[in-house]
Amino acid sequence: MKHFIKICGITSVEDAEAVHLAGADAIGLMMYKNSSRYLELNQAKKIYDSINKRLQVVLIFVDQTEDYVGECIELMPNSISQFHGSETPTYCNSFKNDFIKAINVKEKFNLEDAYKKFLGVKILLLDSFSAEKYGGTGDTFNWELIQNSQQLPFILAGGLNPDNIELALSRVSCTGVDASSGVESHPGKKDLFKVESFIKKVREVHD
């Protein structure tokens, strides 16, 4: 199985291009103002236009207004929305494009129940819980909390980096992985060596 690889928190055309050349499948653009990787709409559109149809672009939102999300989708129609807050299933399904729902795991988590709740979701993303941040924490969570008896697909996130990705994939049967702070030189700036090392190690798991 070839894992889906998403590199999140991209803030420049240059980093988007580098991530593409390194072999990623998708990039994440932070549309949430309280993130250190936040992009103004015009900045996000510039990155989207530069890489659309070569990489999947995922727009990350956190409990934002339907009007704002709708405006982003209209400007970047081939994007996928990732809802990373306390959004309801009704809210997530109110838009016309595909969506990912992120779940911050802090206790035993049943994937089957989550898929029943968020009918229509393209895929669930499991991330580390933090009371202060939505993603990009740099911390892993206890992977043993994931209950997935039906082997349903999901994306693993939360503190993944070149040093721990092999261990993560040896213990977690996930469909994809998502890295942000673990492949950066500082918040918002990707370290190409780390990106390449991370992707190489993921690809080698089943090669």
| message | Every residue in region 96-110 that is open to solvent by 30 Å² or more (accessible area, probe 1.4 Å) and in a loop (DSSP other than H, G, I, E, B), please. | response | Lys96, Asp98, Lys106, Glu107, Lys108
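Any idea how many residues of region 17-37 are assigned to a helix (DSSP H, G or I) and touching a Phe, Trp or Tyr at 6+ places or on another chain (Cβ under 8 Å)?
Pass one, region 17-37, residues assigned to a helix (DSSP H, G or I): 17-22.
Checking which are touching a Phe, Trp or Tyr at 6+ places or on another chain (Cβ under 8 Å) leaves us with none.
The total comes to 0.
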| query | Is there any pair linking a residue in region 19-34 that is on the phi > 0 side of the Ramachandran plot to one that is open to solvent by 40 Å² or more (accessible area, probe 1.4 Å), with Cβ under 7 Å and at least six apart or on different chains, and which? | reply | Gly23/Arg203
| message | Consider region 27-43. How many of its residues are over 19 Å from Leu55 (Cβ atoms) and in contact with a strand residue (DSSP E or B) (Cβ under 7 Å, 6 or more places away or on another chain)? | response | 2
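Each row is one residue, and each column tells you yes or no for (1) modelled with pLDDT under 95; (2) touching a Pro at 6+ places or on another chain (Cβ under 6 Å); (3) at positive phi.
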position	(1), (2), (3)
Val121	no, no, no
Phe129	yes, no, no
Thr137	yes, no, no
Phe141	yes, no, no
Gln151	yes, no, yes
Phe154	no, no, no
Pro162	no, no, no
Ile165	no, no, no
Leu192	no, no, no
| Among the residues of region 38-73, which ones are assigned to a loop (DSSP other than H, G, I, E, B), within 17 Å of Ser86 (Cα to Cα) and open to solvent by less than 10 Å² (accessible area, probe 1.4 Å)? | Val62
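Examine region 74-89 for a residue that is under 24 Å from His186 (Cβ atoms), buried (at least 17 other Cβ atoms within 10 Å of the Cβ) and without any contact (Cβ under 8 Å) to a residue 12 or more places away in the chain, and state whether such a residue exists. Show your work before the answer.
Here is the first cut: in region 74-89, the residues under 24 Å from His186 (Cβ atoms) are 82, 84.
Cutting the leftovers down to buried (at least 17 other Cβ atoms within 10 Å of the Cβ) gives us 82, 84.
Imposing the further condition that a residue be without any contact (Cβ under 8 Å) to a residue 12 or more places away in the chain reduces the set to none.
No: zero hits.
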| Failed condition for Asp113, given (1) modelled with pLDDT of 95 or more; (2) open to solvent by less than 10 Å² (accessible area, probe 1.4 Å); (3) over 22 Å from Arg203 (Cβ atoms), with all others met? | (2)
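The values are calculated or read from the model by the stated rules, or taken from the named source; none is laboratory data. Only a predicted model underlies this, so the values are computations on that prediction, with no experimental measurement involved. FYI the Cβ positions are ideal-geometry reconstructions off the backbone, even for glycines, and counts take in every protein chain you see. Just the protein is used for accessible areas: all its heavy atoms, side chains included, with ligands, DNA and RNA removed. Shrake-Rupley method; radii C 1.70, N 1.55, O 1.52, S 1.80 Å.
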